[in-house]
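One structure below.
The values are calculated or read from the model by the stated rules, or taken from the named source; none is laboratory data. Here the structure is a predicted model, which means the values were calculated and not measured. FYI the Cβ positions are ideal-geometry reconstructions off the backbone, even for glycines, and counts take in every protein chain you see.
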């Protein structure tokens with residue numbers, strides 16, 4: 001019985017650590033998204049670099065290599081449109097990470113831009129489209145959500 005209790009405790013502890021790590025990744029991701037919403041390529045490049053660092057230093061998870069590869073591809077550009085195109089893949093992988101994590105410290109909304117046919121994550125239900133910025137700021141809809 002003690003072994004069973006110890007095993008369950010260790011599993012739950014790992015689950016909690018994964019959720020905490022997901023929160024850190026999500027914070028870094030949201031900084032990238034906010035820079036894209038603001039159409040600020042310099043801020044996006046810096047935030048993407050921070051996001052890449054967060055992925056590298058975080059614990060292992062199933063999508064880590066794919067997320068790192070996608071984020072590094074985004075990090076190679078200072079052109080806002082290229083950053084936005086690369087952000088599409090980062091966002092879909094990040095949603096998989098969020099769905100598989102435990103309890104998060106914030107609500108997460110999976111949003112969709114019908115013009116770009118691309119998704120992104122947000123911590124609010126209101127639409128702020130990172131693919132068009134001020135041009136079409138509120139274009140999109142919430143497709144899914146994970147509540148804290």
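Quick notes on this one:
- Residue count for region 35-57 satisfying the condition of being closer than 17 Å to residue 92 by Cα and without any contact (Cβ under 8 Å) to a residue 40 or more places away in the chain: 4.
- Test result for residue 99, modelled with pLDDT under 95 and surrounded by fewer than 20 Cβ atoms within 10 Å (Cβ to Cβ): yes
- Candidates 19, 35, filtered to the one that is modelled with pLDDT of 95 or more and out of contact with any strand residue (DSSP E or B) (no Cβ under 7 Å at 6 or more places or on another chain): 35
- Test for residue 120: is it in contact with a helix residue (DSSP H, G or I) (Cβ under 8 Å, 6 or more places away or on another chain) and modelled with pLDDT of 95 or more: yes
- When the test is whether a residue is exposed (fewer than 15 other Cβ atoms within 10 Å of the Cβ) and either touching a helix residue (DSSP H, G or I) at 6+ places or on another chain (Cβ under 9 Å) or closer than 21 Å to residue 24 by Cβ (or both), residue 105 passes it.
- Subset of region 63-72 (residues that are assigned to a helix (DSSP H, G or I) and either in contact (Cβ under 8 Å) with a residue 12 or more places away in the chain or surrounded by 19 or more Cβ atoms within 10 Å (Cβ to Cβ) (or both)): 66, 67, 68, 70, 71, 72
- Boolean, residue 60 is surrounded by fewer than 19 Cβ atoms within 10 Å (Cβ to Cβ) and either assigned to a helix (DSSP H, G or I) or in contact (Cβ under 8 Å) with a residue 40 or more places away in the chain (or both): no
- Taking the numbered list (1) touching a helix residue (DSSP H, G or I) at 6+ places or on another chain (Cβ under 7 Å); (2) assigned to a helix (DSSP H, G or I); (3) modelled with pLDDT under 95; (4) over 20 Å from residue 121 (Cα atoms) in turn, residue 24 passes all entries but (4).
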